[in-house]
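The structure appears right after this line, and notes come after that.
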Amino acid sequence: MNLTGMGDLLMTMKESWFRLYLHSASVANLTLRICTLLRLDEVEQETVIAGAFLHDVGKMFVRREIIEKPGPLTEEEWIELKEHARRGASVVAARGGDNFLVEIIRYHHEWWNGKGYEGLRGQMIPWPARVIALADALDAMISPRPYRQPSKVYEALEEVYQGAGSQFDPKLVAALAEEPFWQTATYRDPARLERQISEEKQWLIQLADSYVTLSYPLVYAQSQWLDRLLVILWELKESAKRG
């Protein structure tokens with residue numbers, strides 16, 4: 001996977017829009033969970049997770065007031081917002097990003113039923129973009145927004161399950177639904193899952209605040225999930241140095 005030139009994009013995002021950076025890190029965390037369920041090898045995981053970190057890089061070129069607007073968008077504003085996927089893909093491609101990575105960024109807002117940004121449907125949507133779409137939507141539901149309160153995690157998961165075959169790849173949703181941790185935490189002890197997500201987000205905040213100065217990422221590893229995220233972030237940081 002060619003990450004040359006990608007690390008500086010993340011650093012720019014971190015410095016100019018920290019909340020967007022935290023969202024990207026949270027999506028990467030959820031993406032890693034899904035990749036683990038799919039039993040992807042490490043090379044595939046690294047590319048998909050790098051795509052998760054960079055999936056919204058195009059939003060840096062959208063007016064902030066549009067993204068944070070508390071009310072409905074006008075047609076003109078909606079068109080500008082939708083361009084972030086194409087714009088982000090173009091930026092990453094111009095910096096030498098692999099086609100695999102570029103496709104993740106461009107198509108992460110496609111819906112399984114073809115009602116996404118560009119109208120791709122089903123298997124036409126690159127599978128890594130389908131993974132990011134699921135993780136991105138889940139994080140958006142459980143995170144606060146200027147126009148609404150966050151959903152409880154079990155409520156968000158239920159919405160994801162209902163979106164199988166329409167918004168989301170049904171096989172990905174089925175894999176998520178079969179994972180024992182999510183089932184137990186969601187239906188038997190919802191508070192446990194809320195605490196788990198909250199704790200992971202706190203670690204991600206610390207990670208996002210310190211990753212630029214990491215000398216070796218595993219020193220900061222606190223769990224299997226963050227261990228992999230730290231390695232990939234460290235690789236992105238090193239590529240930025242070389243660039």
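Can you give the extra length, in nm with one decimal, that the chain gains between Arg86 and Glu158 once fully stretched, where that is 0.36 nm per residue apart less the Cα-Cα distance?
22.9 nm
I need the per residue convex hull volume for segment 69-108, using only the alpha carbons, in cubic angstrom as a whole number.
Considering the Cα atoms of segment 69-108, their hull volume per residue is 68 Å³.
Give me the one-decimal nm value for the distance between modelled label points at Arg121 and Glu68, 7 Å along each residue's Cα-to-Cβ direction.
3.9 nm
For a quick size check, give me the Cα extents of segment 40-110 along its three principal axes, largest first, whole Å.
42, 24, 18
Values quoted throughout were computed directly from the atomic coordinates according to the rules given, and no laboratory measurement underlies them. Predicted model, so just to flag it, every value in this text is computed and none were measured. Reconstructed Cβ throughout: ideal geometry from the backbone, glycine too, with neighbour counts over all protein chains shown.
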